[in-house]
Amino acid sequence: MNALIQWGLRLSITFYALLHFITYFYDKEILLFFLSISGLSLFLFAVISYTVKNIKLPLSLFLVGIAILFFSNGSMTEGILNGFLQMRDMIGLLVVIPMIGWVLREEPYMEAIMGFGHKMLNTSRKFYVGMASFTQIIAYFLNFGSIPMMYQFENMILKDEKGEAWENFKGTAVLRGFALSTMWVVSIPSFAFVVEAMNASLWVSIFQGLGMSICGIFLAVAFSHFEEKRYGVDLTTGLQTEISEVLRHTTDRKQRNHRVREFVVLFVTLFGTIFLLQAVLPIELLVLIPLVVLVWIGVYYLVKKRTKNLLKEAKIYVQTDMGKQSYQLCVMLGAGMMISALNQTGFASLVVDGIYALQESLPFINVLYFLPFMVIILAFFGLGPLTVMVLVGGILGSLSLPYPPELIVLVVTSGSAISILLSPMIMPVIVLSGNNGLSLFTNGVKFNWKYAAMLYVVVQVYVQGVVGVW
């Protein structure tokens, strides 16, 4: 019975993703109906697979949406069918994005980069900058899977260095790096969604977020410097000893340099193709990204002449990994049902009126001060960055706020970054704790609350400065 449920779940996900891309270019009512039915099947199979007890969040979102539809004046059947279509772009993206990781598993790119750039990583400050920065690059390929990968990479180099000082050094570099990536990395689903929802300029949003990310790295390095002094540990000496040991076992220089060049080409072609095509093609970003990724992966395996490996990875993904994503996909379907139902009510007007009333009573404070806290508070209730961004971005997208949409994107994604740093209820901190053995509170609040507060201040100084000029 369980095998039949898993088969039905995988089939529903596959059909939903395929029909999503087909109906985007070939919009037929009958196909949209089958897309909604695929979404319903996906949701039902996932509820049966996980059981109601373990799928409370998506089920709650779904039921709230149904309740809102019931009390609104619209058709219940039409509302449900439309609800399963609301987050179709996000589901298509979430199904495809994990496939990027197939490419990174083909060659030891990270070890090659370490051997190539070891002179730029030979002090604790340089190493910290390198790890925080490179985590963001890897996040382009693996999303929050970059956290365990980068932490294990640090452990490979610093295998003999133990204690809270070293765990603070390693853990914060990775977690802060990933948090900052959510402000500019286009393949992070939460960033891509809010850019699309706000109809913001992609290049302005990316470069604005990247600028804040660079400021965040310098801020993180400053905090790391003071944390090293507080612990009274000479991290540089231990680091140099460990790097020397690693370099004794690296591959020959020619092969290493080839892999580094190959990795740079991979990153530039993925990032550049998305950026270029978004500027010249009338295709929504959330549809364009997965299509580019699929072609990019196919070209990689063809050039490397490893089509057998591609088929092997695809088989493993469909049989094993795709089913593991069903919970996240159900969250998207539940959130879509709720957002679709809210759009049939006067909720958006109510929110706008409330914002204007708040600004009239507190004219020196605008809504951009508060938006990050909407994301942070929801994250402490267990809603992940993507779920929160879908809920908040879906609501904000229907409002007419008197600010540039790129500023709203930055403010909301800064809230996402801070929630990743602090919340013990969402995956990034949980994954890191699973790797380094420290408590969720230690990896989150204890190590990062001061840094998170300063990151909020830095972003708000920029945002309010732009609002003042604008």
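Details
- Unique residue being without any contact (Cβ under 8 Å) to a residue 60 or more places away in the chain, within 20 Å of Ile138 (Cα to Cα), out of contact with any strand residue (DSSP E or B) (no Cβ under 9 Å at 6 or more places or on another chain) and of a type in the set (Phe, Trp, Tyr) when the list is Phe153, Phe178, Phe169: Phe153
- When Val185, Val174, Val129 are checked against the criterion of being among the β-branched types (Val, Ile, Thr), out of contact with any Pro (no Cβ under 8 Å at 6 or more places or on another chain), modelled with pLDDT of 80 or more and not in a helix (DSSP H, G or I), a single residue qualifies: Val185.
- Meets criteria (among the hydrophobic types (A, V, I, L, M, F, W, C), in contact with a Leu (Cβ under 8 Å, 6 or more places away or on another chain) and either free of Cβ contacts under 8 Å to residues at least 12 places away in the same chain or closer than 30 Å to Gln86 by Cα (or both)) for Val463: no
- Residue count for region 139-174 under the criterion of being hydrophobic (A, V, I, L, M, F, W, C) and within 30 Å of Glu284 (Cα to Cα): the result is 5.
- Among the residues of region 298-324, those identified as over 24 Å from Ser12 (Cβ atoms) and charged (D, E, K, R) are Lys304, Lys305, Arg306, Lys308.
Residues checked against (1) at positive phi; (2) surrounded by fewer than 12 Cβ atoms within 10 Å (Cβ to Cβ); (3) modelled with pLDDT under 80; (4) among the aromatic types (Phe, Trp, Tyr):
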residue	(1), (2), (3), (4)
Leu333	no, no, no, no
Leu342	no, no, yes, no
Ala348	no, no, yes, no
Ala357	no, yes, yes, no
Ser361	no, yes, yes, no
Phe364	no, yes, yes, yes
Tyr369	no, no, no, yes
Ile376	no, no, no, no
Phe381	no, yes, yes, yes
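- Subset of region 292-331 (residues that are hydrophobic (A, V, I, L, M, F, W, C) and either modelled with pLDDT under 85 or under 19 Å from Gly145 (Cβ atoms) (or both)): Val293, Leu294, Trp296, Ile297, Ala314, Ile316, Val318, Met322, Leu329, Val331
- Qualifying residue in region 194-213 (condition: touching a Lys or Arg at 6+ places or on another chain (Cβ under 8 Å), surrounded by 20 or more Cβ atoms within 10 Å (Cβ to Cβ), among the aliphatic types (A, V, I, L, M) and touching a residue at least 12 places away in the same chain (Cβ under 8 Å)): no
To keep it simple, each residue is scored yes or no on (1) buried (at least 23 other Cβ atoms within 10 Å of the Cβ); (2) hydrophobic (A, V, I, L, M, F, W, C); (3) over 20 Å from the mean Cα position of the chain (by Cα).
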position	(1), (2), (3)
Val388	yes, yes, no
Gly397	no, no, no
Leu410	yes, yes, no
Ile418	yes, yes, no
Val431	no, yes, no
Gly434	no, no, no
Met454	no, yes, yes
Gln460	no, no, yes
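- For the residues Leu235, Leu266, Leu281, Leu285, the requirement of being exposed (fewer than 15 other Cβ atoms within 10 Å of the Cβ), of a type in the set (A, V, I, L, M, F, W, C) and more than 30 Å from Asn54 (Cα to Cα) singles out Leu281.
- Residue within region 108-119 that is within 25 Å of Arg256 (Cα to Cα), free of Cβ contacts under 8 Å to residues at least 40 places away in the same chain and assigned to a helix (DSSP H, G or I) present: yes
- Just one of the listed residues (Leu85, Leu63) is of a type in the set (A, V, I, L, M), outside any helix (DSSP H, G or I) and either at pLDDT 85 or above or surrounded by fewer than 20 Cβ atoms within 10 Å (Cβ to Cβ) (or both), namely Leu85.
- Scan of region 185-237 for residues that are charged (D, E, K, R) and within 16 Å of the chain's Cα centre (by Cα), ordered by number: Glu196
- Taking the listed residues Tyr140, Tyr151, the one that is surrounded by fewer than 24 Cβ atoms within 10 Å (Cβ to Cβ), of a type in the set (Ser, Thr, Tyr) and within 30 Å of Met87 (Cβ to Cβ) is Tyr140, with no other qualifying.
- Qualifying residue in region 54-74 (condition: in contact (Cβ under 8 Å) with a residue 24 or more places away in the chain, closer than 22 Å to Pro98 by Cα and among the aromatic types (Phe, Trp, Tyr)): no
- Just one of the listed residues (Val429, Val463, Val412, Val458) is hydrophobic (A, V, I, L, M, F, W, C) and over 27 Å from Gly397 (Cα atoms), namely Val429.
- Number of residues in region 101-137 that are of a type in the set (S, T, N, Q), under 17 Å from Val268 (Cα atoms) and crowded, with 20+ Cβ neighbours inside 10 Å equals 2.
- Residues in region 8-54 that are of a type in the set (D, E, K, R) and assigned to a helix (DSSP H, G or I): Arg10, Glu29, Lys53.
- Listing of helices (runs of 4 or more DSSP H) fully contained in region 230-346 that carry 1 or more residues being polar (S, T, N, Q) and without any contact (Cβ under 8 Å) to a residue 40 or more places away in the chain: 235-247, 253-280, 307-316
The values are calculated or read from the model by the stated rules, or taken from the named source; none is laboratory data. Not measured: the values here are computed from a predicted model. A quick note on method: Cβ atoms are made from the backbone with ideal geometry, for glycine too, and the neighbour counts reach across all protein chains shown.
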